[in-house]
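Report on the structure given below.
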Amino acid sequence: MKQFLSEARVRQLALFWSALIVLGLFVSTWVRILPSIGIAGLFLTGVGYALSQRRIAQRACWVRLLSFPLVYVMHLVSGLLYHGPPTSTTLGQDLLLEAPFVLLPVGFWLLPAWRPTHLRALWLLLIGCCLLSAGAATVNYLLHQSTINQLYLHSKVMPTAPDHIRFSLLISMAVLMGAVLLTTERLSGRGRALLAAAVGLLFLFQHLLAARSGLATLYLGGAFWLLWLGWQQGRWRTALGGAGLVVALGTGAWWAFPTLQNRVTNTRDDAAQVYRVSAANDYSVTARVYSYQTAWSLVKQHPLLGVSKLGLSEAMAGQYAYQYPEIAPDRYILPHNQFIYNLTAYGILGLGLFLVGFYLPLWGAWRARNVRLLLMYLIVTLSFLVEYTLETHIGVITGLFFVLLAAAPTAAPDEEAVPVEARPVLVPAHQPAS
């Protein structure tokens, strides 16, 4: 077993399972279980490696990796404390949905340091999958251009796989990681040209898709990366050149893409209706504003422990009916903000536990100047402001896996040459250390 799960083979297995997770995000509509298979494989590989080699590879990283399961604890405790009527969303279903918050961090904690080439391959795989999915969506758009353009005037978007909200976040991650690779990695001339072309095409497609959250994460994340290049690395010429290119491409996209123009028109019309309650039946931004106000009323009634995720839908419906009878029951929505969602469902105590569990590694990322991890946190956090990202299967994986991937420790060339037997091992408590 020890020879089978050697460090080299475990790294290859980790790469395989991680690639399965990335691929699974894009085919989940047809093969929903594929990302879960990758997560289970990554976890079991880490456990097998730790048991066979009698060592915890990333013992020193326990704080930044094992804080994430606190999010799972938040769901577990809130569900056990819930004493309301039965709902369609059972505690077991919720705990299964949030299981990656235990399996993925523990798996990364037990796995050996990653080879930089493996990490780069996974980021390139993400870029390639985004490019293929964007290409399919673009072809469909060209075949139904007039119909899809009209959808954007009614708070809808073109069909994509995965759904447009998660897909737009994946595109932002792909574009920004591609930009990081272009400016930090040694690439061949041909490889650099292909990567630059892929990043440029995805940047333009983000404007064709015109999802508000995707555009916000793209531009704010890009601004952060360009400022990082200037202030932290002193590469102001590259940063200014990149900023000029972004402005040129963004301006061209505005004039070229009716979807972007219609999205801006719809958003402007939507915002103008925000003071008319009945407009929440037809306008998405207005509906979200009233969902926040409804949620806040519940927070004031249950400030410490919230109403529980299991009872959130029913509590929101009751508050909607009392506070805003003008809104039709089939238009009730949950608060599209992860922080407000958690505050309403789990109260102040639950929100505090979530903030500690999810954001504790951010402090280490800033101290270590890990710009990839900082960018992933920025993208995910911006998505939290407009969506309850972590309450769907694909959202959990998108919001967690790429953060862990960006935080993964890399092996130095000389470290890879040291045999595992020469490294520290775990010694059972009942045996003296030799």
Search segment 211-241 for residues being surrounded by 15 or more Cβ atoms within 10 Å (Cβ to Cβ) and among the polar types (S, T, N, Q), and hand back the single one that is farthest from H164 (Cα to Cα). T238
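So, L194, is that one crowded, with 17+ Cβ neighbours inside 10 Å and either part of a helix (DSSP H, G or I) or at pLDDT 95 or above (or both) or not? Give the steps one after another, and end with the answer.
Values: crowded, with 17+ Cβ neighbours inside 10 Å: no; either part of a helix (DSSP H, G or I) or at pLDDT 95 or above (or both): yes.
So L194 does not fit the description; no.
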Pick from R32, R55: which is under 25 Å from I165 (Cβ atoms), assigned to a loop (DSSP other than H, G, I, E, B) and either over 19 Å from the mean Cα position of the chain (by Cα) or not β-branched (V, I, T) (or both)? R32
Does F167 fit the bill of being surrounded by 17 or more Cβ atoms within 10 Å (Cβ to Cβ), of a type in the set (F, W, Y) and within 16 Å of the chain's Cα centre (by Cα)? yes
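Please find, among L374, L362, the residue that is modelled with pLDDT under 95, surrounded by 14 or more Cβ atoms within 10 Å (Cβ to Cβ) and part of a helix (DSSP H, G or I).
Numbers: L374 fails: modelled with pLDDT under 95.
Matching residue, one of L374, L362: L362.
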Counting only residues in segment 170-191 that are within 23 Å of W254 (Cα to Cα) and β-branched (V, I, T), the one surrounded by the fewest Cβ atoms within 10 Å (Cβ to Cβ) is identified as V175
M173 fails exactly one of (1) closer than 14 Å to R372 by Cα; (2) more than 15 Å from the chain's Cα centre (by Cα), namely (2)
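Based on this model, can you work out whether S78 counts as of a type in the set (S, T, Y), assigned to a loop (DSSP other than H, G, I, E, B), more than 27 Å from A161 (Cα to Cα) and in contact with a Gly (Cβ under 8 Å, 6 or more places away or on another chain)? Can you show your working first?
Values: of a type in the set (S, T, Y): yes; assigned to a loop (DSSP other than H, G, I, E, B): no; more than 27 Å from A161 (Cα to Cα): yes; in contact with a Gly (Cβ under 8 Å, 6 or more places away or on another chain): yes.
No.
I need a count of the residues in segment 265-297 that are of a type in the set (S, T, Y), within 15 Å of A317 (Cα to Cα) and crowded, with 21+ Cβ neighbours inside 10 Å. Lay out the reasoning, then the answer.
We begin by selecting, within segment 265-297, every residue of a type in the set (S, T, Y); these are 265, 267, 275, 278, 283-284, 286, 290-292, 294, 297.
In the following step, the residues that additionally are within 15 Å of A317 (Cα to Cα) were identified as 290-292, 294, 297.
Okay, now just the ones that are also crowded, with 21+ Cβ neighbours inside 10 Å, so 290-291, 294.
Matching residues across segment 265-297 total 3.
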If F16 satisfies every condition in (1) closer than 17 Å to L405 by Cβ; (2) surrounded by 18 or more Cβ atoms within 10 Å (Cβ to Cβ) but one, which is the exception? (2)
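Do we find that G244 is free of Cβ contacts under 8 Å to residues at least 24 places away in the same chain and either out of contact with any Ser or Thr (no Cβ under 6 Å at 6 or more places or on another chain) or surrounded by 15 or more Cβ atoms within 10 Å (Cβ to Cβ) (or both) in this structure?
On the way: free of Cβ contacts under 8 Å to residues at least 24 places away in the same chain: yes; either out of contact with any Ser or Thr (no Cβ under 6 Å at 6 or more places or on another chain) or surrounded by 15 or more Cβ atoms within 10 Å (Cβ to Cβ) (or both): yes.
Considered against the rule, which asks whether it is free of Cβ contacts under 8 Å to residues at least 24 places away in the same chain and either out of contact with any Ser or Thr (no Cβ under 6 Å at 6 or more places or on another chain) or surrounded by 15 or more Cβ atoms within 10 Å (Cβ to Cβ) (or both), G244 comes out as yes.
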When segment 15-30 is checked residue by residue, the ones that are closer than 18 Å to A136 by Cα and of a type in the set (A, V, I, L, M) are V22, L23, L25, V27
Within segment 119-142, take every residue that is under 20 Å from the mean Cα position of the chain (by Cα) and of a type outside the set (A, V, I, L, M, F, W, C) and give me the one that is nearest to Y49 (Cα to Cα). R120
Take L23 and decide whether it is buried (at least 17 other Cβ atoms within 10 Å of the Cβ), within 17 Å of the chain's Cα centre (by Cα) and under 23 Å from A161 (Cα atoms). yes
Given (1) under 30 Å from Q150 (Cβ atoms); (2) without any contact (Cβ under 8 Å) to a residue 60 or more places away in the chain; (3) not aromatic (F, W, Y), L187 misses just (1)
Among what's in segment 93-115 and is over 24 Å from S52 (Cα atoms) and more than 16 Å from the chain's Cα centre (by Cα), pick the residue that is surrounded by the most Cβ atoms within 10 Å (Cβ to Cβ). D94
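Can you tell which of L70, L96 is modelled with pLDDT of 95 or more, of a type outside the set (G, A, S) and either within 30 Å of L201 (Cα to Cα) or in a helix (DSSP H, G or I) (or both)?
Working: L96 fails: modelled with pLDDT of 95 or more.
After ruling out the rest, the residue left standing is L70.
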Tally, over segment 346-359, of residues that are surrounded by fewer than 19 Cβ atoms within 10 Å (Cβ to Cβ) and not aliphatic (A, V, I, L, M): 2
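Does at least one position in segment 206-221 carry a residue that is in contact with an Asp or Glu (Cβ under 7 Å, 6 or more places away or on another chain) and in contact (Cβ under 8 Å) with a residue 40 or more places away in the chain? Spell out the reasoning first.
Going through segment 206-221, the residues in contact with an Asp or Glu (Cβ under 7 Å, 6 or more places away or on another chain) turn out to be 213.
From the residues that got through so far, the ones that are in contact (Cβ under 8 Å) with a residue 40 or more places away in the chain too are 213.
Within segment 206-221 (the criterion being in contact with an Asp or Glu (Cβ under 7 Å, 6 or more places away or on another chain) and in contact (Cβ under 8 Å) with a residue 40 or more places away in the chain), the answer is yes, since at least one residue qualifies.
Could you identify the single residue in G352, G347, G318 that is over 20 Å from V71 (Cβ atoms) and modelled with pLDDT of 95 or more? Let's see the steps before the verdict.
On the way: G352 fails: over 20 Å from V71 (Cβ atoms); G347 fails: over 20 Å from V71 (Cβ atoms).
Being over 20 Å from V71 (Cβ atoms) and modelled with pLDDT of 95 or more holds for just one of G352, G347, G318, which is G318.
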Conditions first: (1) free of Cβ contacts under 8 Å to residues at least 60 places away in the same chain; (2) under 26 Å from E314 (Cα atoms); (3) touching a Phe, Trp or Tyr at 6+ places or on another chain (Cβ under 6 Å). V102 passes all but one, so which condition is the exception? (2)
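The values are calculated or read from the model by the stated rules, or taken from the named source; none is laboratory data. For clarity, every value in this text was computed on a predicted model and none was experimentally measured. We place every Cβ from the backbone using ideal geometry, glycine too, and count neighbours over all the protein chains shown.
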